[in-house]
Structure formats: C-alpha cells, structure tokens
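Following: one structure in structure tokens, then a few remarks.
Every number here is computed from the coordinates shown, using simple stated rules; none is lab data. All values reported here derive from a predicted model rather than from experimental measurement. As a convention, Cβ positions derive from the backbone with ideal geometry for all residues, glycine included, and neighbour counts pool all protein chains shown.
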Amino acid sequence: MDCTKNIIGYKDCNKAFRYYLDDYGISLNSASKVNDDKFTNAKAMLDTIVSQSWKETFNDITFDGMQANKILNDVTYGMSESVNEFTGTKTVTLTKDDDCELGEFYLSSLTFYVKTGGETTVQLIQGTETTELYSDTPSDGDAVTININSFVSDVFKLRIITEGEIYKNKASNECRCEGVQWYTYSDDYNDYPFVFTFQVRCSKEVHLCKYVDLIAPIVINKILGKYWFKVYTTDVFTNYTNSQKYNAVVMMVYYDSQCRTETLKENIMACSSCNKKTVAPKIVVKSNVKPIVKNVSISSIKVVRN
C-alpha cells in the first residue's frame, strides 16, 4: 500500500525511512549472508519481507473482534444480449461518492463483443496515468475478456477505441448492501460499450493508513520474526548463519509472539459501514503463538526472574 512506503526500510544510498531495520540488527550486508536462490538479492528479500509484514499485520487487526471487509456494491454493467454496434471511441467513468470515505473500487474484469474485427485498444485511465489493458485485432464474432482484479482509484475511466464494430449493451445488475449506491456511473451516450464487473469495498486498509505510525512497531516485530525464520531455514552456508542459527528459533518465536499480542490503546473509528461510525476503542492483534521465554510481561517487556 502507498501509505506504508518509506515507513520501514534499511539504510542505502537512495531512500529515507522513519524506521531503519539496521537499528534492529538487520542490514543489507547481513541480509546478503542469508539470501538464497529464492530471491534475486538481499534487497529483494527484505522488500518482500517488509511488504508481507504490512499486509499480514493489517489482516490480523480486527475491530472489536470483527473484520471490516464489507462489500458495499457488487455490480455488473452490460448484462443483456448485445444490441446495435459502434465504431470509434467510447468512454465510461466511475466515481466513488465523497461520503464513502473508507471505500475502494475493485475492478474485476471487462468483456467486449466483436461484430466485425478491427484494431482495438482498451485503456484504464486513473488521473494522469493511462494503462493499456488490450491492444490487438480481434476476429469477427470474438468475445474478448480482460481480467484485471485490482483496486483502482476513486475516479477511473474505461475507454475502448476500435476500427472494427463492437456491440453495445443495455442492462445492468447490482447488489447493494443496505440499499445504498456508493458511486456514480456516466458514459458518452448512456450505453455500455462492454460488460464489466466491479465492487465498492469497505477497506480497513484505507482506515488503518491513518495510524501507520502506531502500527509500525508491530510490523517491525513481524519483520524480525520473518527474518530470523529466514536465518533458520536458508540454504546458504556462511559464517553468519552458522553462528546465528543456535538462537534463530528463540528470536523468531519471541518477536512473532510479541508482535501478535501487541495492543494499540487508541480510539480508532471502525469501518462497519462506509460512514464515520465508532465501533471499538482499540485495535487488538491476536495470536495463538505463545512466547517460549517464560515469565515475560509483553506489555512492559520486563523479565521476571524466579
């Protein structure tokens, strides 16, 4: 996610981060002694571990025991049999409602039906960025499906440009959670030049991005757990891994269990729907993993000796 970039990283010549893994004993140099053929280099390994740790931590977080992942609208435009046809350019625009602050568009797929083949291009436009989804010359009678399966911006356009003949469609189907439509649709001529499916999803990641500074220490612990697991399981033999494997199990279990039992005692508004409704006063990350270090108070990180 964009909101997690430049928060946690390692010291190199290119980027600045708020938290450096070097301060926790992980550097590009030490990672290079652990990296094996599963990653191209140490940088790729650390980038993957950091990305996985953010995603897994966000997934672990619940609001008062509930996952905030409601699908608000599930929509397919252009379901009827194809009627009429067009040549040239057509554009459709989807805009998420401003009131849906915690929602995101998820674009699943797009299909267009060819009457007469001709050079055809399909574009996804998000702000100033244009992505070419398709560029080819389909045959007469083809049904071309493009699988996208990606989150897109709050305002996006789908554009088709053809020198052949493409059928238009005239119907849609929608499932609305609580009867509310959280978006607006517009096109050039009030018809559908293709069949496409999308959702408006209530995304807890959108909400949690406001609190990345509070969540980052949990993510760091997860990163450390994954890194020490890599030390324990790597296929590479070096003096570093040989000397560190004796305590790798202790380190990876300690950090993983600690990060999963962290509690953020902050008032955070939950996404039970796409409006500002406060559900729970805290975020709790739970785990069934128990620390192997006995008599450790996770809240104070104080070791009590018998």
Quiz item: Label residue 37 and residue 155 with points 7 Å out from Cα along Cα→Cβ: what is the distance between them in nm?
Solution: 5.1
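Per-residue counts of other Cβ atoms within 10 Å, averaged by peptide: what ranking do you get for 195-207, 9-21, highest first? Intermediate results must be reported in sequence, preceding the final value.
Values: 195-207: 21.5, 9-21: 13.6.
Order by mean packing, descending: 195-207, 9-21.
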Self-check item: Nearest-20 debye value, the stretch 1-142 charge dipole, Cβ charges on Lys, Arg, Asp, Glu
Solution: 600
Quiz item: Cα centroids of the stretch 1-51 and the stretch 120-145: how far apart, whole angstrom?
Solution: 36
Self-check item: Listed residue pairs exceeding 32 Å between alpha carbons, taken from 43/96; 5/96; 70/226; 55/96; 5/157
Solution: 43/96
Quiz prompt | Label-point gap, in nm, between residue 29 and residue 108 - each point 7 angstrom along Cα→Cβ | solution = 5.2
Quiz item: What list of ³J(HN,Hα) couplings, whole Hz, do you get for the stretch 10-17 from phi and the Karplus terms 6.51, -1.76, 1.60, once you set θ to phi - 60° and write x for glycine and proline?
Solution: 9, 7, 9, 8, 10, 10, 10, 10
Quiz item: Residue-wise, which Karplus ³J(HN,Hα) couplings in Hz belong to the stretch 193-206, taking 6.51 cos²θ - 1.76 cosθ + 1.60, θ = phi - 60°, and x for glycine or proline?
Solution: x, 7, 9, 9, 10, 8, 10, 9, 10, 7, 10, 6, 5, 4
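Give the peptides 26-35, 145-154, 125-134 in descending order of average Cβ contacts within 10 Å, highest first. Don't skip to the end; give the middle numbers.
Values: 26-35: 19.2, 145-154: 14.3, 125-134: 12.0.
Packing proxy ranking, top to bottom: 26-35, 145-154, 125-134.
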